[in-house]
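Structure first, then comments.
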Amino acid sequence: MSEVIARIDQTRDALLAAFAERDWAAVGELDLACRVCVEEILAEAHENDAQVRASLDELLGVYRQLIDVASGERQSMVEEMSQIRQAKNATKVYHLFS
């Protein structure tokens, strides 16, 4: 069981590093690795429930951060696209009157 916990901790650390660099491709790959680790934990008997719970809680904290930042990044992109659309429309209007 401690091997699985160690893998979760390593994956969480790698996820935090990829997140800090905004390497979304790596975040996606590490997300899949996290899912596999969690599935393995759920499939095994739990001798160290407290240790497993603590490790999973830390992983959950990382996911909360990821969700918050990814949502913010998405909103920034939406706003930027809106500004680009407005600039295009303004350019069209300008060309109509020039």
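When you check Arg53 against the structure, is it free of Cβ contacts under 8 Å to residues at least 24 places away in the same chain, closer than 23 Å to Ser2 by Cβ, out of contact with any Gly (no Cβ under 6 Å at 6 or more places or on another chain) and of a type in the set (Lys, Arg), yes or no? So Arg53 fits the description; yes. Yes or no: Gln65 among the polar types (S, T, N, Q) and surrounded by fewer than 11 Cβ atoms within 10 Å (Cβ to Cβ)? No; evaluated as a whole, the condition is false for this residue.
Read-outs: derived from the displayed coordinates by stated rules, not from any lab. Just so it is clear, the model here is predicted, and its values are computed rather than measured. Positions of Cβ are backbone-derived with ideal geometry, glycine not excepted, and every protein chain shown enters the neighbour counts.
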